[in-house]
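What follows draws every value from the coordinates through simple rules; no lab data is involved. Bear in mind that the values here come from a model prediction, so they are computed numbers and not experimental data. When we count neighbours, we look across all protein chains shown, and the Cβ atoms used for this are built from the backbone with ideal geometry, even at glycine.
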Amino acid sequence: MATAPYGFRLLVGAATFAVEETIKLPKTILMYPMTLASQAAHIVMRFQQNIAELVIKGDSTLEQIFPPKDEQPEWATFDEDLGDGSEGDGEPSALGIDASDSERRSEGRFALYTAPDPSVDSPTQPVNRGKKPAAKAVAAPEVADELDYESLTLAQLRARLQTLDVDELEALLAYEEATKARAPFQTLLANRITRATAK
């Protein structure tokens, strides 16, 4: 077969290309938004990287011009700064923690996991230094003896509340109010009574 003229071959090739691209057009149209989105994300990420690199260079330049001062803020306290760790009443503490601070930590959220300490004054009761505290002669209800209520932490009490009826809960609440009057225990018992009576 004789070779066709160059111009004719060019026209046939262009027509073939147009037909092939027309067949691919639906897939290309569907992929075009994703291609644009990925290119835009790439441009944004590259821009952010360039900015971060410029900021890092600026920081290093500023550190060379103005070297950082090796100063410790007033509020920063480290173990080695405390010396022998003696504070307050002269008794040394391993980490320099004041005894009143440790008493404060035994209340609130930490009271969930610590057994009540009868030697520590409750924050809800006045401190009675030098005098014998007035002994409250309140008989413990039967349910308190069964649960060993005096040694329960708040979390242990919460786990046992499901098995108690309203009368037992009210007896425990009255006993708590008459003796130690610990706010977390009172709140827990009162909320449980409210839920039990609402059923």
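Couplings 3J(HN,Hα) for segment 6-18, derived from phi with the Karplus relation 6.51 cos²θ - 1.76 cosθ + 1.60 (θ = phi - 60°), are 4, x, 5, 4, 5, 5, 5, x, 5, 5, 4, 4, 5 Hz, where x marks Gly and Pro. Dipole orientation for segment 7-63: of the candidates 37, 22, 8, 8 has the Cα lying most toward the positive pole (charges on Cβ; Lys, Arg +1; Asp, Glu -1).
Treat the count of other C-beta atoms within 10 Å as a stand-in for reagent exposure and order 3, 194 from fewest to most.
Working: 3 7, 194 10.
Neighbour counts put them in this order, fewest first: 3, 194.
Across segment 185-194, computed HN-Hα scalar couplings (Karplus, 6.51 cos²θ - 1.76 cosθ + 1.60, θ = phi - 60°) run 5, 5, 5, 4, 5, 5, 5, 5, 5, 4 Hz from first to last residue, x flagging Gly and Pro.
The phi-based Karplus calculation (6.51 cos²θ - 1.76 cosθ + 1.60; θ = phi - 60°) puts the 3J(HN,Hα) values of segment 24-30 at 7, 4, x, 5, 5, 5, 5 Hz, whole numbers, x for Gly and Pro.
Spin-label model, residue 18 to residue 45: label points 7 Å out along the Cα-to-beta-carbon direction sit 4.0 nm apart. About its Cα centre, segment 7-63 has a charge dipole of approximately 340 debye under the convention of +1 per Lys or Arg Cβ and -1 per Asp or Glu Cβ, with nothing else charged. Here each label is just a point 7 Å from Cα along the line to Cβ, and for residue 25 and residue 165 those points are 8.3 nm apart. Counting 0.36 nm for each residue step from residue 151 to residue 9 and taking away their Cα separation leaves a gain of 41.2 nm.
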